[in-house]
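The values are calculated or read from the model by the stated rules, or taken from the named source; none is laboratory data. The structure displayed is predicted, hence computed values, not measured ones. Note that we place each Cβ from the backbone using ideal geometry, even for glycine, and neighbour counts take in every protein chain shown.
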Amino acid sequence: MISKPQHHVLLFLASFIFFFFIHSYCDNNTSILPRCSTYDCGNGIPIKYPFWHIGDDSSDLCCGYPKFGLSCSNGEPVLKLPNDTYYVKDINYADYTITLVDIDATGQTCPRARQNLTLQNLPLDYTNLDLNLTFYFNCISSPFSFPLSPIGCLGYGKLQSYVIMMENQIDDVEWVGKCEAKVVVTVMKTEIIENDLISGFGGAMNKGFMLDWGTVKYCGVCDDSGGFCGYNKTTAEFLCFCGDGTAHSDRCKDENFFHPIFPSLLSDHRFLFSILSLPRYVYGNELYSNCAPFNCGNISDISYPFWGNNQPEYCGRPGFKIDCKEDVATLDIMSLKYQVIAINPDTQILRIARLDLLTSICPRQYFNTTLNLTLFNYTSNDVVDATLFYNCELSPEALAFNEFSCPINNFPRDAYLMVPTVSRNEFLLGCNISIAIPILARAVQGLLRAELTVIQVLNQGFEVRWILDQVQCGDCLRSGGRCGYNWTVNQFSCFCPDQAYSRTCPSPMPSGSLLNPGETTSEDEFYRECFTPFHCGNLSNLSYPFWGDERPEICGYQGFRLRCQEGPFPVITINDQEFYVKFVNQSTLVMTIARRDLWDDVCPPGNVADIKNTTLNGTPFSYAAELESITLFYDCQNQSTYNIHKFQCPINGEQRDVFYATDALLRDWSQNLPDCNISVEVPAPRAAVDQLIRGGKDALETVLRDGFEVKYTLDPKGDGTNVGSKVGIG
């Protein structure tokens, strides 16, 4: 039994209000039952509780678990998980399983995994049919202590990539400093043959993996008994909340308790709710006051997404709890404790230092520094990879300024801090223990000039950036609220002095919307329409300046219209060209886009003469990262040169040569360019372009689908002030 007797009346009142609100919200003067009927995107997979179809009506979310909404793309259901988007290949309602395939891997013979699978607080779990593969990408040398062949199709230049089954990975792999990235991918055991892993991983990724959703399977029984369904994320158990103030593991004892009052609600709705999402008090001012910023030592005004200092967890996000003891702020990341040195909410940069190395440079246990890459990333400007070496036998005199001593088995042994300016090979022969640790680049210079000791360098810590869309919180703060988070349904909340709102506190209508001067709309209508985040295709929690489909034009800016149902991703038009929007970071104002006309085939179905260069001139968009041009040459005279960069496309009824070139290849070909009638430039990240030198057509299509990043500015005039121009060489 969850509630105590003295809370019976309060919980009854909260339940009554909750039922009434949900009934009013979901019913919307029409019958919910047809809306909650089984839906099919077109491939025969029925979508029903706990899954629901993301349609034009927001009340559809009452048909299932809030985070189990499925959109449709190309006739297939699509599920968005915290870090990536997946095609749904099967839902087994008897075994309570769902089979997913990463959209980016679909149809790729040699897919490049981009993201770790992240489930966070969702009621999903792996099955015994799943197997994890670990990829190490773009390695300058093998990170393994045993022979392992690289993945041929993912290598370029001198960089190689590797894959291994996690169940065979006994020791922690020393990959930091050797490889660019580590990604864990889940596949089905039945699709993997151990001695054929390199040639088989692509097919396995295209078959997908299976997750279990059995923790929410009992909702039908609960609903029929007059209760409403919940989920306790702490114990990972289903709960059925009943009108008498009790909670049960399956059903309410009195089936008729609420039926006379809300017959249509109880027969038509299956809404998941958790006791963890209910505040201790009903009134919103408790939420507001509980989440006031706090100080710890010399760090002031600590607030969302961070929380701590005896605050309730709803004041912040999972993974951001700060403990404050004796004026020292600490943060746990991947089971290691860090001292928080500084927090910059404007840049979302956190400076931290490992607590185990602050008190003693000779730790009891040796752990590499690893981040939860779903929450944090290293900053690229001022952080370098360093290594602490222990139990060393060699003492190169040239490195004496990096030397210190640590006891091993009660005997003093040499130890060193290796920084990127020093060759690592000198240490590998003489040291038995190492710890990978980031340090500040500016501290390296002090170390090399003997201005700082090793312990002083470590005490300065290093910088990480937290990965979080802060647009919603900014809007909430500007409206006079305080930011919070519902851990149960993973949704932002704005706590205001009167109550909690989904986005902002009530305030006058902001300027700069597309509402014409002659138009009028009520303030309530504006907030209802424009301050509730909306979903578009696989993108969720979108807000101003984006609009489109059912989102009214008054809620956004011109140039930011999204068409949500026209492909695997929402479509945006920039300078009369259509792009798929693959990802939007509303905190950094960056989105990843890919050209729609080159998505399915680099051989365009229409007139090749209609293909244009990618340009952002005169738009509120500019290129966000270091990019290079990929030049596509169409309608070329047949040539035998550059075969690896050549393929054919049908043009005017006959097969004609097509070439592609990177900036580097163009320089190599400067004296012998292909004889072609049409050339088109498309931007791509510099890191991705390198693989095209040896990759062929498949690599080209992968890079084009991966897309490129653009920044956007909230420019109401759309005059392109301070925006970029067409991408150029270099």
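Can you list residue pairs whose Cβ atoms sit under 9 Å apart, with the first residue in region 546-566 being free of Cβ contacts under 8 Å to residues at least 12 places away in the same chain and the second being among the acidic types (Asp, Glu)? Count only pairs 6 or more apart in sequence or on different chains.
Taking only residues 6 or more apart or on different chains, the pairs are 566/578.
Would you mind finding the one in 573, 592 that is of a type outside the set (A, V, I, L, M, F, W, C), within 22 Å of residue 107 (Cα to Cα), modelled with pLDDT of 85 or more and assigned to a strand (DSSP E or B)?
On the way: 573 fails: within 22 Å of residue 107 (Cα to Cα).
Residue meeting the stated conditions: 592.
Restricting attention to region 309-365, report how many residues are touching a Lys or Arg at 6+ places or on another chain (Cβ under 9 Å), without any contact (Cβ under 8 Å) to a residue 40 or more places away in the chain and of a type in the set (A, V, I, L, M, F, W, C).
Counting residues in region 309-365 that are touching a Lys or Arg at 6+ places or on another chain (Cβ under 9 Å), without any contact (Cβ under 8 Å) to a residue 40 or more places away in the chain and of a type in the set (A, V, I, L, M, F, W, C) gives 3.
From the list 641, 614, exactly one residue is at pLDDT 85 or above and either under 23 Å from residue 675 (Cβ atoms) or touching a Lys or Arg at 6+ places or on another chain (Cβ under 7 Å) (or both). Which is it? So that I can check it myself, show each step before the final result.
On the way: 641 fails: at pLDDT 85 or above.
The unique qualifying residue is 614.
Condition (residue is among the charged types (D, E, K, R), under 23 Å from residue 601 (Cβ atoms), at pLDDT 70 or above and out of contact with any strand residue (DSSP E or B) (no Cβ under 8 Å at 6 or more places or on another chain)) applied to region 697-712: is it met by at least one residue?
Within region 697-712, the subset among the charged types (D, E, K, R) is 697-698, 701, 705-706, 709, 711.
Going one step further and asking which of them are under 23 Å from residue 601 (Cβ atoms), we end up with 697-698, 701, 705-706.
Okay, now just the ones that are also at pLDDT 70 or above, so 697-698, 701, 705-706.
Next cut, out of contact with any strand residue (DSSP E or B) (no Cβ under 8 Å at 6 or more places or on another chain) only: 698, 701.
Checking region 697-712: at least one residue is among the charged types (D, E, K, R), under 23 Å from residue 601 (Cβ atoms), at pLDDT 70 or above and out of contact with any strand residue (DSSP E or B) (no Cβ under 8 Å at 6 or more places or on another chain).
Is at least one residue of region 622-641 under 27 Å from the mean Cα position of the chain (by Cα), surrounded by 17 or more Cβ atoms within 10 Å (Cβ to Cβ) and either assigned to a loop (DSSP other than H, G, I, E, B) or charged (D, E, K, R) (or both)?
Looking through region 622-641, at least one residue is under 27 Å from the mean Cα position of the chain (by Cα), surrounded by 17 or more Cβ atoms within 10 Å (Cβ to Cβ) and either assigned to a loop (DSSP other than H, G, I, E, B) or charged (D, E, K, R) (or both).
Can you pull out the residues in region 375-393 that are more than 14 Å from residue 462 (Cβ to Cβ) and either touching a Phe, Trp or Tyr at 6+ places or on another chain (Cβ under 8 Å) or crowded, with 17+ Cβ neighbours inside 10 Å (or both)? Let's see the steps before the verdict.
Taking region 375-393 as the starting set, the residues that turn out to be more than 14 Å from residue 462 (Cβ to Cβ) are 375, 389-393.
Of everything in region 375-393, those that are more than 14 Å from residue 462 (Cβ to Cβ) and either touching a Phe, Trp or Tyr at 6+ places or on another chain (Cβ under 8 Å) or crowded, with 17+ Cβ neighbours inside 10 Å (or both) turn out to be 375, 389, 390, 391, 392.
Can you confirm whether residue 393 is acidic (Asp, Glu) and at pLDDT below 85?
Details: acidic (Asp, Glu): yes; at pLDDT below 85: yes.
So residue 393 fits the description; yes.
Quick check on my filter: what residues within region 443-492 are out of contact with any Lys or Arg (no Cβ under 8 Å at 6 or more places or on another chain), among the charged types (D, E, K, R) and more than 30 Å from residue 124 (Cα to Cα)?
Within region 443-492, 449, 451, 478, 482 meet the criteria.
If a residue has to be more than 24 Å from the chain's Cα centre (by Cα) and part of a strand (DSSP E or B) to count, how many in region 175-217 make the cut?
So the count comes out to 0.
Within the bounds of region 450-459, is there any residue that is in contact with a strand residue (DSSP E or B) (Cβ under 8 Å, 6 or more places away or on another chain), more than 28 Å from residue 351 (Cβ to Cβ) and modelled with pLDDT of 80 or more?
No, that holds for no residue.
For region 563-583: of the residues being more than 19 Å from residue 550 (Cα to Cα) and not polar (S, T, N, Q), which is surrounded by the most Cβ atoms within 10 Å (Cβ to Cβ)?
Here is the first cut: in region 563-583, the residues more than 19 Å from residue 550 (Cα to Cα) are 574-579, 582-583.
Filter once more, so that each one left must be not polar (S, T, N, Q): 574, 576, 578-579, 582-583.
Details: 574: 19, 576: 7, 578: 16, 579: 25, 582: 23, 583: 15.
Going through the qualifying residues, I end up with 579.
How many residues does region 122-149 contain that are more than 30 Å from residue 212 (Cβ to Cβ), assigned to a loop (DSSP other than H, G, I, E, B) and touching a residue at least 40 places away in the same chain (Cβ under 8 Å)?
First, the residues of region 122-149 that are more than 30 Å from residue 212 (Cβ to Cβ): 138-149.
Applying the additional criterion that residues be assigned to a loop (DSSP other than H, G, I, E, B) yields 140-149.
Going one step further and asking which of them are touching a residue at least 40 places away in the same chain (Cβ under 8 Å), we end up with 149.
Qualifying residue count for the region: 1.
Here are the criteria: (1) over 22 Å from the mean Cα position of the chain (by Cα); (2) under 26 Å from residue 698 (Cβ atoms). Tell me which single one residue 106 does not satisfy.
It is condition (1) that residue 106 fails.
Restricting to region 109-140, name every residue that is over 21 Å from residue 166 (Cβ atoms) and either surrounded by fewer than 17 Cβ atoms within 10 Å (Cβ to Cβ) or among the charged types (D, E, K, R) (or both).
Of everything in region 109-140, those that are over 21 Å from residue 166 (Cβ atoms) and either surrounded by fewer than 17 Cβ atoms within 10 Å (Cβ to Cβ) or among the charged types (D, E, K, R) (or both) turn out to be 109, 140.
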